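> Sharing a structure with you now.
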Amino acid sequence: MPEKNLTELRDELEHINASLLELLSRRARVVTEVQRLKAQKNMPTFDPEREMKMLQELVARNPGPFPDETVRRLFKEIFRACVELMQRQKERALLVSRASRAEDLVVRVRGRELGAAPFVIAGPCAVESEEQLEAVAQQAKALGCQLLRGGAFKPRTSPYAFQGLGAPGLELLRRVARRHDMVTVSEVMDTRQVALLAEYVDVLQVGSRNMYNYPLLRELGKARRPVLLKRGLSATLEEFLWAAEYVASEGNDQLILCERGIRTFETETRNTLDLSAVALLRQKSYLPVVVDVSHAAGRKDILAALGRAALAAGASGLMVEVHPCPAVARSDSQQQLDLEEFAEFMASVGLARRLHAAAGAND
Ligand code: PEP
Ligand code: MN
């Protein structure tokens, strides 16, 4: 047989490439089917033992000229691509994942569009009195903040510590917020509180300690109020998104995710602000992400730096605790900003003028 010339050999290579691609795509389709069955049986996506066995079998039947190591490397890469495909498929199953919706969610509440432009949720750790709330609301509104926070049901480490004013606290929060045309945010701790909170509050907050409270999440899925879901103290991002999925799966996709720092070995800060989480959540999900700098740091002196970093990492908004007289606050007194520090914070994160101009444009 006459020897093939260069053009013929190149043609042959192109045909082989096309066949390889065809085979790889066929493999990917089979893998997709495997993943579907695995998901039904709740089996893990990656099975290292099976992968090792397949590699051994391939090496055993290696016809050459590639050395065994090259065969191993090539197939490992193919397996990795297939596992990635399975993982994407798993994520696609989530209602809250970016794969189910490409564009960012904008949560509309009382005429505000949260997620369309940066926003700030400011207010005391706990609602304590009308005077306290009034002072914070006035300052917040003057600085362009549209959302007023304040806990009426407080999850405290000690059962003997101040637990919040309860229902009267919600009434106070609503009254002061309405006076200043602000949106209210307050924590709901229990399924039995959902109806009450939904009556008084615009955005229902799930605290860090309750991220795994699945009955509560399901109940909030039925509420007709946006939900601000805080990340659990040591929750992985996967667990965090599954928690959001609980709410969405019951029909409420008006969700805001909140990174508030996670437990680490560090003791200089109350928690460690996980900025990777902000960037990754924005990548994995279309939900707006808020960063609570106060609970992340547990101190005041680095809040502005954390706020700037959070916005740079892709956060849609910030949460910050403010009290007219932090020294006498009934909870979290060491981390709440006073009114002047709050104004400095807003200027330092670069939002004071921006929010003010936006609020003016709304009027
Ligand atoms: C809060 O925001 O009031 C609060 C208790 O925060 P966390 O749930 O993040 O601890
Ligand atoms: Mn607090």
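> Within region 13-53, name every residue whose backbone N is under 15 Å away from a label modeled 7 Å from Cα of ASP68 along the Cβ vector.
52-53
> HN-Hα J couplings of region 283-293 from phi, Karplus 6.51/-1.76/1.60, θ = phi - 60°, integer Hz, Gly and Pro as x?
Going residue by residue, I get 6, 7, 9, 9, 6, x, 10, 10, 10, 8, 6 Hz, with x marking Gly and Pro.
> OK, next. Can you check what the net charge comes to around SER333, using other residues whose Cβ is under 12 Å from the Cβ of SER333 (Lys, Arg +1; Asp, Glu -1)?
-1
> Once phi is turned into ³J(HN,Hα) by the Karplus curve 6.51 cos²θ - 1.76 cosθ + 1.60 with θ = phi - 60°, what whole-Hz value does each residue of region 296-309 show in order, with x for glycine and proline?
Once θ is set to phi - 60°, the couplings for region 296-309 become 5, 8, x, 8, 8, 5, 10, 4, 5, 4, 5, x, 5, 5 Hz.
> Give me a comma-separated list of calculated 3J(HN,Hα) values for region 313-328, in order, Karplus coefficients 6.51, -1.76, 1.60 applied at θ = phi - 60°, integers in Hz, x for any Gly or Pro.
Karplus-based 3J(HN,Hα) across region 313-328 equals 7, x, 5, 7, x, 10, 10, 9, 8, 9, 9, x, 9, x, 4, 9 Hz.
> Taking 8 Å as the Cα distance limit and 6 or more residues as the minimum spacing, I'd like the relative contact order of region 6-92 as a percentage.
With pairs under 8 Å counted, the relative contact order is 37 percent.
> Using modelled backbone amide H atoms (1.01 Å from N, in-plane), which distant-in-sequence or interchain residues come within less than 5 Å of ILE256's amide H?
It is VAL227, LEU228, LEU229, by chain and number.
> Would you give the gap between the C-alpha center of region 194-216 and the C-alpha center of region 308-363, rounded to a whole Å?
23 Å
> Moving on to the next point. Ignoring the sites themselves, what is the longest stretch of the chain with no GluC sites (Glu not before Pro) in a DSSP loop and at most 11 other beta-carbon atoms within 10 Å?
104-265
> Counting pairs of Cα atoms in region 6-92, how many percent are more than 22 Å apart?
Roughly 39 percent, rounded to a whole number.
> Hey, another quick one. Nearest 10 degrees is fine. How inclined is helix 130-142 to the longest principal axis of the chain, computing both from alpha carbons?
Helix 130-142 and the main axis of the chain meet at about 60 degrees.
> Next question. Quick one: Debye curve from the C-alpha atoms of the chain, no solvent, what's log10 I(q)/I(0) at q = 0.06, 0.08, 0.13 Å⁻¹?
Results for the chain at q = 0.06, 0.08, 0.13 Å⁻¹ read -0.31, -0.50, -0.97.
> Only Lys, Arg, Asp and Glu count, each charged at its Cβ (+1, +1, -1, -1), so figure out the dipole size of the chain about its Cα centre, rounded to 20 debye.
For the chain, the charge dipole is close to 720 debye.
> Sticking with this structure for a sec: Work out, in µm²/s and without decimals, the Stokes-Einstein translational diffusion coefficient of region 45-120 at 25 °C, 0.890 mPa s, Rh from Kirkwood over C-alpha pairs.
151 µm²/s
> Same structure again: At 0.36 nm per residue, and after removing the present C-alpha to C-alpha distance, how many nm does the segment from LEU95 to VAL34 gain when stretched out fully?
Here the segment from LEU95 to VAL34 would lengthen by 19.8 nm.
> Separate question: Taking amide hydrogens as modeled 1.01 Å from N in the peptide plane, which residues meet the under 5 Å criterion relative to LEU318, leaving out close sequence neighbours?
Amide H neighbours of LEU318, under 5 Å, 5+ apart: PHE119, VAL120, ILE121, VAL291.
> Starting from 0.36 nm per residue, how many nanometres of slack lie between ARG110 and LEU20 once their C-alpha separation is accounted for?
26.8 nm
Any read-out appearing in this document is the output of simple, stated calculations on the displayed coordinates, not a laboratory observation. Every value quoted in this text rests on a predicted model; they were computed, and no experiment measured them. Don't worry about glycine lacking a Cβ; one is built from the backbone with ideal geometry, like all the others, and counts go over all protein chains shown.
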